[in-house]
């Protein structure tokens, strides 16, 4: 199989397993021992100079950053299904919320948790309450970000929502909890959770 995911179940690579299960392509998990610093070794740095996971290789293509991986997989393996076509008007909404998660939700919630002091106009994530309102608007009266149809944007945005709810960094508002429950019921996500759990057991990892 050509797709290799450099993986540790306690990294963002765990969510990429879900992305791969959604597109339904064969892939190999290559365990990278973060605790022993393997992610900073020359072979990993050659793929991603940041020395971070996830990293996905697909033949000659190498992609890092989980949102970029999701969009790559959607366009490469599920265009018109899990990824709107380039001329589909929904493509704008798809891209918007795909990038909103790493650009706004993650730093915005970290800033609140850590008590960072900053000027809202100088921070890309802006105002915390406005961020929550935008997230609620994205999900109100619809099952997924594109309406009734699941897309790869939901693996990015939804994966972030699930993680932040799990670690109590995001207010458990009903719209967020219901969305996370819908995602958790997806067969692909159940398979991904099982595969990540198997890696945890195989390597004797402790949460």
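Read the figures in this text as sums done on the coordinates, not as results from a lab. Only a predicted model underlies this, so the values are computations on that prediction, with no experimental measurement involved. So basically every Cβ, Gly included, is an ideal-geometry build from the backbone, and we count neighbours across all protein chains shown.
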Just to check, using Stokes-Einstein with a Kirkwood Rh over alpha carbon pairs, what's the diffusion coefficient of the range 91-186 at 37 °C and 0.692 mPa s in µm²/s? 242 µm²/s
What full-extension length gain, to one decimal in nm, is calculated for residue 36 and residue 60 as 0.36 nm per residue of separation minus the Cα-Cα distance? 5.9 nm
Report the gain in length on full extension from residue 207 to residue 75: 0.36 nm times residue separation, minus Cα-Cα distance, nm rounded to one decimal. 44.1 nm
Taking Cα pairs under 8 Å and at least six residues apart, what relative contact order does the chain come out at, in percent? 22 percent
Once residue 10 and residue 117 are pulled to full extension, the length gained, defined as 0.36 nm per residue separation minus their Cα-Cα distance, is 35.6 nm
Which of the peptides 95-107, 192-204 is most tightly packed, and how do the rest follow, judged by the mean count of other Cβ atoms within 10 Å per residue? 95-107, 192-204
For residue 99 paired with residue 86, estimate the spin-label separation in nm (one decimal), with each label point 7 Å from Cα along the Cα-to-Cβ line. 1.7 nm
